[in-house]
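What follows is calculated from the coordinates using simple rules that are stated; it is not laboratory data. What you are looking at is a predicted structure, and each value in this text was computed from that prediction instead of being measured. With ideal geometry, Cβ positions are generated from the backbone for all residues, glycine too; neighbour counts draw on all protein chains shown.
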Amino acid sequence: MARITIEDLSLLKVQQILNEITDGEMNRVEGSQGSDINEQSLANNLDQNLDNLLFSLRTQMGVVIVGARTMFNEGFNSL
C-alpha cells in the first residue's frame, strides 16, 4: 500500500508515488484513522450538492427573468 506523508509532498515525490499506486489502492484512502471511503455517502453528498446548485441557479434565473420582464414592460409602456 502506498502511503503519502507531509514530507512526501514535493511535486517529484508525489508524481512518483501516484505512479506506483495500483487500481485496488485507488479505491481506498487511508487517513489518520485508516477508514474506508463510504462511496454511497460520497454519492449522496454529490447528489445533494448538485441539487442545491441547480435549485440556486433556477432561483437566480427566475429573479433575472422577472426583472427583465419588468424592465421590458416599463419600457414598452413608456412608449
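Taking the Cβ-Cβ separation of residue 53 and residue 77 as r and a Förster radius of 35 Å, what is the calculated FRET efficiency to the nearest 0.05?
About 0.45, to the nearest 0.05.
Let's test the formula: R0 of 35 Å, r as the Cβ-Cβ distance of residue 70 and residue 46. What FRET efficiency results, to the nearest 0.05?
E(calc), rounded to 0.05, equals 0.45.
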